[in-house]
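Worksheet for the structure shown next.
The values are calculated or read from the model by the stated rules, or taken from the named source; none is laboratory data. In this text, all values refer to a predicted model and were calculated from it rather than measured experimentally. Cβ placement follows ideal geometry from the backbone for every residue including glycine, while neighbour counts extend to all protein chains displayed.
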Amino acid sequence: MISKQNIPKLLGFATGGYGNPGLNMLDNSFQPFYTAGVKLHWNVFDWNANRKQRESLAINKDIVDNDTEIFKLNTTIELNKQEREIEKIEAIITSDEAIIILRKEVLQMADSQLKNGVITSSAYITELTNLYEDENTLVRHEIQLQLAKANYNVIKG
């Protein structure tokens, strides 16, 4: 579009009518009249405006390219951060599962001790509560893992 600004433009126009008086003001009768013409517009000297506009567009293109690269870099950083978060939560879930296995073994021992009269029922209930708390913690961490995966997909687009 910038290069098209200095091209010569040829314009034509015409008007016409019928009136009293016509173009002859001394004749007091109805007469048809018309005018037609051609106009040529050519901006020979643009005083470097064309060059300045091209430079401005080049600078704007560089700014957009720079912003695009910054966006890609920030997105990559956020994706890496989210991947580390997912790996951390997966490690926590693995340790939660191991803790639950151990809690079940402790609960089985507490059950046999309760049956043999070695511990009281409140100690058994404490161990049972610990198992349920750890199972709830595992479920909470699994939900956090799903949320982290969803955030990763949102960042990825």
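Is there a residue in region 25-36 that is surrounded by 11 or more Cβ atoms within 10 Å (Cβ to Cβ) and either assigned to a helix (DSSP H, G or I) or of a type in the set (S, T, N, Q) (or both)? Checked region 25-36: at least one residue is surrounded by 11 or more Cβ atoms within 10 Å (Cβ to Cβ) and either assigned to a helix (DSSP H, G or I) or of a type in the set (S, T, N, Q) (or both). Residue 47 falls short on exactly one of the conditions (1) on the phi > 0 side of the Ramachandran plot; (2) in a strand (DSSP E or B), and that condition is (2).
From the list 96, 134, 46, 62, exactly one residue is closer than 30 Å to residue 5 by Cα and modelled with pLDDT of 95 or more. Which is it? Before you say what the answer is, go through the steps one by one.
On the way: 96 fails: closer than 30 Å to residue 5 by Cα; 134 fails: closer than 30 Å to residue 5 by Cα; 46 fails: modelled with pLDDT of 95 or more.
Going through 96, 134, 46, 62 in turn, the sole match is 62.
Pairs are defined by a Cβ separation below 6 Å, a sequence spacing of at least 6 or placement on different chains, a first member in region 11-24 that is surrounded by fewer than 10 Cβ atoms within 10 Å (Cβ to Cβ), and a second member that is part of a strand (DSSP E or B) and of a type outside the set (Phe, Trp, Tyr); the pairs so defined are 11/39; 12/38; 13/37; 14/36; 15/35.
With 26, 40, 73, 114 as the choices, which residue is touching a helix residue (DSSP H, G or I) at 6+ places or on another chain (Cβ under 8 Å) and on the phi < 0 side of the Ramachandran plot?
On the way: 26 fails: touching a helix residue (DSSP H, G or I) at 6+ places or on another chain (Cβ under 8 Å); 40 fails: touching a helix residue (DSSP H, G or I) at 6+ places or on another chain (Cβ under 8 Å); 73 fails: touching a helix residue (DSSP H, G or I) at 6+ places or on another chain (Cβ under 8 Å).
Exactly one residue qualifies, and that residue is 114.
State whether the residues of region 64-85 include one that is surrounded by 13 or more Cβ atoms within 10 Å (Cβ to Cβ) and polar (S, T, N, Q). Yes, there is a match, as at least one residue in region 64-85 is surrounded by 13 or more Cβ atoms within 10 Å (Cβ to Cβ) and polar (S, T, N, Q). Taking first residues from region 109-123 that are without any contact (Cβ under 8 Å) to a residue 60 or more places away in the chain and partners that are outside any helix (DSSP H, G or I), the Cβ contacts under 7 Å between residues at least 6 apart in sequence or on separate chains come to 110/119; 113/119.
Any chance you could count how many residues in region 103-131 are surrounded by 12 or more Cβ atoms within 10 Å (Cβ to Cβ) and part of a helix (DSSP H, G or I)? Can you show your working first?
Of region 103-131, the ones surrounded by 12 or more Cβ atoms within 10 Å (Cβ to Cβ) are 103-104, 106-107, 109-111, 113-114, 119, 123-128, 130-131.
If we keep only those that are part of a helix (DSSP H, G or I) too, we end up with 103-104, 106-107, 109-111, 113-114, 123-128, 130-131.
Here the count works out to 17.
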